[in-house]
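Chemist: Dumping the structure here so I can ask a few things about it.
The values are calculated or read from the model by the stated rules, or taken from the named source; none is laboratory data. In this text, all values refer to a predicted model and were calculated from it rather than measured experimentally. Note that each Cβ is placed from the backbone with ideal geometry, even for glycine, and that neighbours are counted across all protein chains shown. Keep in mind that these areas ignore ligands, DNA and RNA; they rest on the heavy atoms of the full protein, side chains included. Shrake-Rupley method; radii C 1.70, N 1.55, O 1.52, S 1.80 Å.
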Amino acid sequence: MIATVQNLSRPLLRLGLIPQIAIGIVCGILLASVSPEAALSVSLLGQLFISALKAVAPILVFVLVAAAIAGHRQGQPTHIRSVLILYLIGTLTAALVAVVASFVFPTTLALDVPEVSGNPPGGIVEILRNLLLNAVTNPVSALMEGNFIAILVWAIGLGIMLRQAKESTRAMLSDLSDAVSNIVRIVIRFAPLGIFGLVAATLAESGMGALLDYGHLLMVIVGCMLFVALVTNPLIVYWQTRRNPYPLVFTCLRGSAITAFFTRSSAANIPVNLELCKRLKLHADTYAISIPLGATINMCGAAITISVITLAAAHTLGIGVDFPTALLLCIVSALAACGVSGVAGGSLLLIPMAASLFGISTDVAMQVVAIGFVISVVQDATETALNSSTDVLFTAAACQNDERRQA
């Protein structure tokens, strides 16, 4: 029996990870269509996969960043500054695309929905304050709670202090980093099964019927994200590398966006992105820091969500919005999106803060947030896919640009 299973599975195992994931997606869709009850029963596979990724991501980031900085030698090139600039440009550009699309395709919402609970932040100052407080959290608590701001701060501090340590100490830290990375590779090998469970359970629980009433809003949001992924991001990459950006763009979408779409967690996708950067042969000292940092502050998808839904609320209420005010919304959305990881509820609970620019009350804004939760099955998945794949894309672009200049 075991030999028969091995013989049947051997051709499947010879396929690459992406084809296996594609097969898992198709099987999940078929199972949810044929038997929703059976689809719900396999949801455990998806939950185990996400839990494993979330469990290993904090310790991986901590060890990898500390080892990269401790092993760094004076004079070795790093590209962090270039990556951070690309993160900022990408997020601002995404917010601008969302504003323009909202003017071209205005959306009207039906606000007869129940209010949702939550405490949206009062403004940018409060978001920045929360980020600073998160940065000085106890490191043990940060690892347990997945607070990547604090994990990065402590890992960077430890790495700097260990740069003067004995060679044996730094070698041990490097070996520990390799060991954790190998555990991550094992977890990622189970991605096809995990995504099969996620797809089957999601379609069985939610279906697509609930999304039809808000189809126009969803099309504007997803359309903006596709435009950013396939037009503006490639233009930014071309500006950096002066070469055809689409091979790199599609590699990042295949290797990062697919898993991010179904896990709907930038934190859970950190190990996937680090593995992709390694396959792309990028600078290890750069991506060890830029990938976890991007999962925290590079939120172009969140900027799109905030801008589109806020302007839809303003249009519904008949509030006139001039272009200078819309540009201000771009900046607010970009800054708010950078701090979205520290706010419970993600980008949706930042909408009331952006809506306050137009005098929209919190009560009405929270009703708009409720609509956001209805479409979040697709909105949040697409947002995470864009955010996460852009982390790798801009890291690769910055590395290639600096290498081109040095050549």
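Chemist: Given the condition within 30 Å of PHE62 (Cα to Cα) and among the aromatic types (Phe, Trp, Tyr), answer yes or no: does some residue in segment 210-229 qualify? Spell out the reasoning first.
Modeler: Step one: of segment 210-229, the residues within 30 Å of PHE62 (Cα to Cα) are 229.
Restricting the remaining residues to those that are among the aromatic types (Phe, Trp, Tyr) gives none.
No, every residue in segment 210-229 fails to be within 30 Å of PHE62 (Cα to Cα) and among the aromatic types (Phe, Trp, Tyr).
Chemist: Which condition number in (1) of a type outside the set (Phe, Trp, Tyr); (2) open to solvent by 10 Å² or more (accessible area, probe 1.4 Å); (3) touching a Lys or Arg at 6+ places or on another chain (Cβ under 6 Å) is the one that ALA284 fails?
Modeler: (3)
Chemist: Condition (residue is small (Gly, Ala, Ser), at pLDDT 90 or above and open to solvent by less than 30 Å² (accessible area, probe 1.4 Å)) applied to segment 261-271: is it met by at least one residue?
Modeler: Within segment 261-271 (the criterion being small (Gly, Ala, Ser), at pLDDT 90 or above and open to solvent by less than 30 Å² (accessible area, probe 1.4 Å)), the answer is no, since none of the residues qualifies.
Chemist: Please determine, by comparing only the residues of segment 138-169 that are modelled with pLDDT of 85 or more and either among the polar types (S, T, N, Q) or outside any helix (DSSP H, G or I) (or both), which one is farthest from ALA268 (Cα to Cα).
Modeler: LYS166
Chemist: Got at least one residue in segment 176-187 being within 12 Å of GLY71 (Cβ to Cβ), open to solvent by less than 70 Å² (accessible area, probe 1.4 Å), β-branched (Val, Ile, Thr) and in a helix (DSSP H, G or I)?
Modeler: no
Chemist: Every residue in segment 274-328 that is closer than 13 Å to LEU357 by Cα, among the hydroxyl-bearing types (Ser, Thr, Tyr) and in contact with a Ser or Thr (Cβ under 7 Å, 6 or more places away or on another chain), please.
Modeler: Listed by number, the list holds a single entry, SER307.
Chemist: If TYR238 meets every condition in (1) modelled with pLDDT of 85 or more; (2) open to solvent by 20 Å² or more (accessible area, probe 1.4 Å); (3) within 19 Å of the chain's Cα centre (by Cα) apart from one, which number is that one?
Modeler: Tallying (1) modelled with pLDDT of 85 or more; (2) open to solvent by 20 Å² or more (accessible area, probe 1.4 Å); (3) within 19 Å of the chain's Cα centre (by Cα), TYR238 fails exactly one: (3).
Chemist: In segment 137-159, which residue that is open to solvent by 80 Å² or more (accessible area, probe 1.4 Å) and among the hydrophobic types (A, V, I, L, M, F, W, C) is nearest to LEU64 (Cα to Cα)?
Modeler: Residue satisfying both the conditions and the ranking: TRP154.
Okay, residues lined up against (1) within 30 Å of ARG170 (Cβ to Cβ); (2) open to solvent by 70 Å² or more (accessible area, probe 1.4 Å); (3) modelled with pLDDT under 85; (4) within 18 Å of the chain's Cα centre (by Cα):
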residue: ILE25; (1), (2), (3), (4): no, no, yes, no
residue: VAL56; (1), (2), (3), (4): yes, no, yes, yes
residue: VAL61; (1), (2), (3), (4): yes, no, yes, yes
residue: LEU88; (1), (2), (3), (4): no, yes, no, yes
residue: ALA101; (1), (2), (3), (4): no, no, no, no
